[in-house]
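**Q** The structure under discussion is supplied below as structure tokens; questions concerning it will follow.
The values are calculated or read from the model by the stated rules, or taken from the named source; none is laboratory data. Predicted, not measured: the structure shown is a model, and the values here were computed from it. Note that we place each Cβ from the backbone using ideal geometry, even for glycine, and neighbour counts take in every protein chain shown. Areas reflect the complete protein model, heavy atoms only, side chains present, ligands, DNA and RNA absent. Shrake-Rupley method; radii C 1.70, N 1.55, O 1.52, S 1.80 Å.
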Amino acid sequence: MTSPLGDPGLLAPGWAGSAAAAATGDDAYLRALLEAEAALTRAQAALGLAPAEAAEAVTGAARSGAFDARSLAARARAGGNPVIPLVADLTRAVGDPFGSYVHRGATSQDILDTAAMLVASRTLGLVLGDLGRTARALARLAAEHRDTALPGRTLTQHAVPTTFGLKAAGWRSLVLDARDRVSAVRDALPVQLGGAAGTLAAFGAYGAADPTALPAAYARELGLRAPDLPWHTLRTPVADLAGCLAFTAGALGKIAVDVLTLSRTEIAEVAEGSGGGSSAMPHKANPVRSTLVAAAARRAPQLAATLYGAMAAEDERPAGAWHAEWEPLRDLLRLAGGAARDAAELAEELRVRPEAMRAHLDLTGGAILSERLSAELAGVLGRARAKELLTRLAAEGHPLADAPELADADLDPTHYTGSAGTLTDRALERR
């Protein structure tokens, strides 16, 4: 049975049920399209280009809820976009004498692009809320584990000790980078208004003494930015959305893949607070939040690539490039929104296991300190002999404490975390 509300996300647990899913659904887009149409009439009324009664009539009809998204979708195929049948339905709903003021002077892309910016703005607001939750949870983890040592790993192998506080602070830094990019893009999202070929000519034909004043009035009605130019084939706003959403998914993906590694059974240095079950193996508690965030991070770049590819839009209105944007943009908004939700839950509920971290520091019998010991022994044995000694001991698997040359060496790995604490403190100063 098909859901009456459209795609419920059966194959998309990463965004199903999220606030972003509701903010980007067909009903949300339909509301945004109607808001864009009503705001256009109100903007014209504010400039004396339409009666106030027309603005009231169009706004009232647009809010009536008497529009069928399924019907619009089916009829959109005839003209290639849903605005054409929507204008017909809205004009009919307004009726005489003000139906003629619906969509006056605009083109379909004006309305659909503006609606997309409304949907994006609202969804980005939700993403920002969850990024804030994630950043706060990571700040707590970083402060609590400022000096909790664990093995640093490079190319999958133990490198030198680091701290979990520094790792969490690094995660938080990426989240704040995403927040800043999302905030900047959201604040810059513009309305679209240019008419048939981006010249605003029809508004002049309908009596506007200065058609260039209309985009600003339109923007005020919707709480979006007024564009410097119509951007029918100047797709900076969509490209900016692609970039900030893909970055956000990737930034959260970094946290996810680290948690996936550290929560492996044989490592178990962290665990998700509420792991998922298995259909066949009762003992498993799968890191599901991390899995879903990692999946979003892998999908997002390809969706962004489609949006970047659509920038090569010919003429004053492209055939196909604009149309290719609609679904990838919605998918990106959903993925980023779902990933931000899951990342917030992941960070807030993450369980840290310092005892496992401490045990792993000792796995290599002190070899994790070879960098420091090499530097210290170089002054006594010479650089080449020091490296040879430590390489041989590591290859033979002997604990370094058994080597006579290291009898007086400090072999506590928690004493070799460098400036991790200071770097963590510095990172946590950022707001």
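**Q** With the requirement that a residue be without any contact (Cβ under 8 Å) to a residue 60 or more places away in the chain and open to solvent by 20 Å² or more (accessible area, probe 1.4 Å), what does region 262-275 give you?
**A** Scanning region 262-275 gives Ser263, Arg264, Thr265, Glu266, Gly275.
**Q** Return the only residue of Arg186, Arg133 being open to solvent by 10 Å² or more (accessible area, probe 1.4 Å), within 24 Å of Arg289 (Cα to Cα) and in contact (Cβ under 8 Å) with a residue 40 or more places away in the chain.
**A** Of Arg186, Arg133, the one residue that is open to solvent by 10 Å² or more (accessible area, probe 1.4 Å), within 24 Å of Arg289 (Cα to Cα) and in contact (Cβ under 8 Å) with a residue 40 or more places away in the chain is Arg133.
**Q** Starting from region 315-326, take each residue that is touching a residue at least 60 places away in the same chain (Cβ under 8 Å) and list its partners that are crowded, with 16+ Cβ neighbours inside 10 Å and not in a loop (DSSP other than H, G, I, E, B), counting only C-beta distances under 7 angstrom and pairs at least six apart or across chains.
**A** Arg317/Gln109; Trp322/Gln109; Glu325/Val238; Glu325/Leu307
**Q** A follow-up question, please. Can you pull out every residue in region 44-70 that is farther than 20 Å from Asp96 by Cα and open to solvent by less than 40 Å² (accessible area, probe 1.4 Å)?
**A** Hit for region 44-70 is Ala69, nothing else.
**Q** Filter region 314-349 down to residues that are hydrophobic (A, V, I, L, M, F, W, C) and open to solvent by 20 Å² or more (accessible area, probe 1.4 Å) and give me whichever is farthest from the chain's Cα centre (by Cα). Break it down stepwise before answering.
**A** Of all residues in region 314-349, those hydrophobic (A, V, I, L, M, F, W, C) come to 319, 321-322, 324, 326, 329, 332-333, 335-336, 339-340, 343-344, 346-347.
The next check asks that each one be open to solvent by 20 Å² or more (accessible area, probe 1.4 Å); those that pass are 319, 324, 326.
On the way: Ala319: 29, Ala324: 20, Trp326: 17 Å.
Per the criteria, the residue is Ala319.
**Q** Quick one: count up the residues across region 136-163 that are farther than 19 Å from Glu345 by Cα and of a type in the set (A, V, I, L, M, F, W, C).
**A** Residues in region 136-163 being farther than 19 Å from Glu345 by Cα and of a type in the set (A, V, I, L, M, F, W, C): 5 in total.
**Q** Next question, about the same structure. For region 340-412, which fully contained helices (runs of 4 or more DSSP H) count at least 2 residues that are modelled with pLDDT under 95 and of a type in the set (Asp, Glu)?
**A** The qualifying helices (runs of 4 or more DSSP H) are 370-381, 383-396.
**Q** Right, next: Quick check: anything in region 195-205 at pLDDT 95 or above, in a helix (DSSP H, G or I) and not small (Gly, Ala, Ser)?
**A** Yes, because at least one residue in region 195-205 is at pLDDT 95 or above, in a helix (DSSP H, G or I) and not small (Gly, Ala, Ser).
**Q** Would you please list the contacts, defined by Cβ atoms under 9 Å and residues six or more apart or on different chains, that run from a residue in region 331-352 that is farther than 14 Å from Gly253 by Cβ and of a type in the set (Val, Ile, Thr) to a residue that is open to solvent by 20 Å² or more (accessible area, probe 1.4 Å) and modelled with pLDDT of 95 or more?
**A** If the second residue must be open to solvent by 20 Å² or more (accessible area, probe 1.4 Å) and modelled with pLDDT of 95 or more, the pairs left are Val352/Glu144; Val352/Thr148.
**Q** Sticking with this one: Checking Asp96 against (1) open to solvent by 10 Å² or more (accessible area, probe 1.4 Å); (2) within 30 Å of Arg431 (Cα to Cα), only one condition comes out false. Which one?
**A** Only one criterion in (1) open to solvent by 10 Å² or more (accessible area, probe 1.4 Å); (2) within 30 Å of Arg431 (Cα to Cα) is unmet by Asp96, namely (2).
**Q** Does Arg31 fit the bill of being surrounded by 19 or more Cβ atoms within 10 Å (Cβ to Cβ) and without any contact (Cβ under 8 Å) to a residue 24 or more places away in the chain?
**A** Here the answer is yes, as Arg31 does meet what is asked.
**Q** Please go through region 205-234 and give me each residue that is open to solvent by 70 Å² or more (accessible area, probe 1.4 Å) and closer than 22 Å to Ala321 by Cβ, ordered by number.
**A** Asp228, Leu229, Leu234
**Q** A further question on this structure: Consider only pairs whose beta carbons are under 7 Å apart and that are at least six residues apart or on different chains; among these, list those whose first residue lies in region 146-157 and is more than 18 Å from Ala356 (Cβ to Cβ) and whose second residue is modelled with pLDDT of 95 or more and in a loop (DSSP other than H, G, I, E, B).
**A** The qualifying pairs do not exist here.
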